[in-house]
Amino acid sequence: MSKFVPPHLATTLVVRDRLLRGLEDAQQYRLTLLSAAAGWGKTSLLTMWASRQRHPVIWVSLDETDNHPARFWITLSAAIQCQIPTVGAAALALLRGPEPPPLSSVLAVLLDDLAAATIGTPTTIVFDDYHVIDDPTLHEAMTTLVEQLPQQVRLVLATRVDPDLPLARWRVQAFLAELRTDDLRFTPDEARDLFARALDDDLGDQEVRQLAQRTEGWAAGLHLSALVLRHQTDRSAFVQTFVGSHRFLLDYVHDEILQRQPPHIQRFLLRIAI
């Protein structure tokens, strides 16, 4: 299922070694949180990191249908079973039975099976788009999952907003590693690599620095500006006049950010933009 497979890696994707090393270092923690708004490259980074792992990486692309306790654990159990066939069957049988037991019992079965199957085998579970989950019952269960993780298992959450989980407590307990917007910003060198891969000739260092500064290192903004630059005869002039009002940027912001907000947030943003 596509929900259980990382997205395809684009050939033009920039290899961001500093962030890949950060994810490797984060494996000493139970949970790694990637928290940033849309377009900061969370999924692309995790996809590249997962492609380089020799140990099992269980990938779960969440959507709104998973924001229900039974559905969430069915999805997770099925995802685990794709990578570790001996794990997940018992939990799925309980969840799909005529009288499912309490979800805490299902989670206990899943954790026991996962612990037995991962002895000596590091395993990572990646939840992409965790921001679609807002059911309090699921947050409670996720708290249990993190705090009772088998020794060899690690979790990664990619989200647009911080989840309602006890992050402060986990920081104190050294359970948590974090990558946030400031970490995900493209450096000038990374931006230079991006434009070199996306364009048929190099962009000048000054133009690269200007675009990196004006987009504030936002991955989506840099990719979209590269798309526009392909069709510019005078690239230097485009860079000099580049602002956040270009049609491609506006389309991205509209489709990926504004349209996904609740109606009252959309109305508020429109009011303050006038």
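For GLU147, are the conditions met, namely being free of Cβ contacts under 8 Å to residues at least 12 places away in the same chain and acidic (Asp, Glu)? Working first, answer last.
Working: free of Cβ contacts under 8 Å to residues at least 12 places away in the same chain: no; acidic (Asp, Glu): yes.
No, not satisfied.
When you look at LEU165, is it part of a loop (DSSP other than H, G, I, E, B), at pLDDT 95 or above and on the phi < 0 side of the Ramachandran plot, yes or no? Let's see the steps before the verdict.
Numbers: part of a loop (DSSP other than H, G, I, E, B): yes; at pLDDT 95 or above: yes; on the phi < 0 side of the Ramachandran plot: yes.
Yes; evaluated as a whole, the condition is true for this residue.
If SER77 satisfies every condition in (1) assigned to a strand (DSSP E or B); (2) touching a Leu at 6+ places or on another chain (Cβ under 6 Å); (3) among the polar types (S, T, N, Q) but one, which is the exception? Failed condition: (1).
You will find that of LEU114, LEU103, LEU92, the residue that is in the same structural domain as PRO6 (by TED's automatic domain parsing) and more than 20 Å from VAL5 (Cα to Cα) is LEU103 and no other. Within the option set THR43, THR65, THR32, being without any contact (Cβ under 8 Å) to a residue 12 or more places away in the chain and in the same structural domain as GLU140 (by TED's automatic domain parsing) holds for one residue only, THR65.
Does VAL126 satisfy the criteria of being farther than 27 Å from ASP164 by Cα and crowded, with 20+ Cβ neighbours inside 10 Å?
On the way: farther than 27 Å from ASP164 by Cα: no; crowded, with 20+ Cβ neighbours inside 10 Å: yes.
The answer is no for VAL126.
Looking only at residues that are among the aliphatic types (A, V, I, L, M) and surrounded by fewer than 18 Cβ atoms within 10 Å (Cβ to Cβ) in region 169-217, which one is nearest to the chain's Cα centre (by Cα)? Give the steps one after another, and end with the answer.
Narrowing region 169-217 to residues among the aliphatic types (A, V, I, L, M): 172, 174, 176-177, 179, 184, 191, 194, 196, 198-199, 203, 208, 211-212.
Of the ones still in play, those that are also surrounded by fewer than 18 Cβ atoms within 10 Å (Cβ to Cβ) are 172, 174, 196, 199.
Values: VAL172: 23, ALA174: 21, ALA196: 25, LEU199: 26 Å.
Among those that are among the aliphatic types (A, V, I, L, M) and surrounded by fewer than 18 Cβ atoms within 10 Å (Cβ to Cβ), it is ALA174.
All of (1) modelled with pLDDT of 95 or more; (2) in a loop (DSSP other than H, G, I, E, B) hold for THR12 with one exception: (1).
Scanning region 68-102 for residues being surrounded by 22 or more Cβ atoms within 10 Å (Cβ to Cβ) and in contact with a Ser or Thr (Cβ under 6 Å, 6 or more places away or on another chain) gives a total of 2. Taken over region 48-80, the criterion of being closer than 22 Å to VAL132 by Cβ and polar (S, T, N, Q) is satisfied by SER61, THR65, ASN67, THR75, SER77. Screening the candidates ALA198, ALA191, ALA219 for the property of being in contact with a Ser or Thr (Cβ under 7 Å, 6 or more places away or on another chain) and among the aliphatic types (A, V, I, L, M) yields one hit, ALA198.
Do we have GLY39 as under 16 Å from the mean Cα position of the chain (by Cα), assigned to a helix (DSSP H, G or I) and closer than 18 Å to ARG180 by Cβ here? Show your work before the answer.
Values: under 16 Å from the mean Cα position of the chain (by Cα): yes; assigned to a helix (DSSP H, G or I): no; closer than 18 Å to ARG180 by Cβ: yes.
No; evaluated as a whole, the condition is false for this residue.
Here is a list: LEU114, LEU145, LEU138, LEU157. Which entry is crowded, with 20+ Cβ neighbours inside 10 Å, part of a strand (DSSP E or B) and touching a helix residue (DSSP H, G or I) at 6+ places or on another chain (Cβ under 8 Å)? Outline the logic, then answer.
Values: LEU114 fails: part of a strand (DSSP E or B); LEU145 fails: part of a strand (DSSP E or B); LEU138 fails: part of a strand (DSSP E or B).
Result of the check over LEU114, LEU145, LEU138, LEU157: LEU157.
Does region 121-139 contain at least one residue that is touching a Lys or Arg at 6+ places or on another chain (Cβ under 8 Å), more than 24 Å from GLU24 (Cβ to Cβ) and in contact (Cβ under 8 Å) with a residue 40 or more places away in the chain? Checked against the condition, which is being touching a Lys or Arg at 6+ places or on another chain (Cβ under 8 Å), more than 24 Å from GLU24 (Cβ to Cβ) and in contact (Cβ under 8 Å) with a residue 40 or more places away in the chain, region 121-139 yields no hits at all.
Name the single residue that is farthest from ASP189 (Cα to Cα) among those in region 205-239 being among the small types (Gly, Ala, Ser) and modelled with pLDDT under 85. Give the steps one after another, and end with the answer.
Pass one, region 205-239, residues among the small types (Gly, Ala, Ser): 212, 217, 219-221, 225-226, 236-237.
Next, only the ones that are modelled with pLDDT under 85 stay: 220-221, 225-226, 236-237.
Details: ALA220: 16, GLY221: 16, SER225: 16, ALA226: 15, SER236: 19, ALA237: 22 Å.
The selected residue is ALA237.
The values are calculated or read from the model by the stated rules, or taken from the named source; none is laboratory data. The shown structure was predicted, so the numbers you read here are calculated from the model rather than taken from an experiment. Don't worry about glycine lacking a Cβ; one is built from the backbone with ideal geometry, like all the others, and counts go over all protein chains shown.
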